């Protein structure tokens, strides 16, 4: 499916191909498929061996199209426009949370032309989408920081002593 997507993107955008990440462990590893990707894409086909390598790869692309939840999550943390190919219901709330719910397609019903069109739209509107993602992820960061502060307060000495006194009485 990605081969068709990549060919379609480059055919419609002859002046600049969108960088696409290739995850060999999720694709057919035959020489023919790899050759087709090489012909069409500025892409990454080396598997990441660390979080730093993955973040570097994600940073180097324009748009991330992925069926891997954590790659989408990390791409969003980097402010990258993302298109989700969903195999589970958990993808939709993630995409909705940053205002990109319409950029989530179920893997069972992929519409290639729609996927290509939405990916091109993400690329064309990247600067606005990056700002949108930054706003929403910052809101989540603040909420997460507040939750961590509440949890850490539970482990503070005065709070523990109050809990112990209430339990002993």
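The values are calculated or read from the model by the stated rules, or taken from the named source; none is laboratory data. Everything quoted here is computed from the prediction, not taken from an experiment. Cβ coordinates were reconstructed from backbone atoms using ideal geometry, including for glycine residues, and neighbour counts include every protein chain displayed.
Given the criterion modelled with pLDDT of 90 or more, assigned to a helix (DSSP H, G or I) and within 21 Å of residue 91 (Cβ to Cβ), identify the matching residue among 146, 114, 138, 130.
When all the criteria are applied, what remains is 130.
For the subset of region 46-61 comprising residues that are in contact (Cβ under 8 Å) with a residue 24 or more places away in the chain and in a loop (DSSP other than H, G, I, E, B), which member is farthest from residue 115 (Cα to Cα)? Step by step, filter region 46-61, then rank; the result is 47. Within region 71-84, residues that are surrounded by fewer than 20 Cβ atoms within 10 Å (Cβ to Cβ) have Cβ atoms under 6 Å from residues that are at pLDDT below 90 and in a helix (DSSP H, G or I) in these pairs: 78/58; 78/59, counting only partners at least 6 apart in sequence or on another chain. The number of residues in region 85-97 being touching a residue at least 12 places away in the same chain (Cβ under 8 Å) and within 22 Å of residue 124 (Cβ to Cβ) comes to 2.
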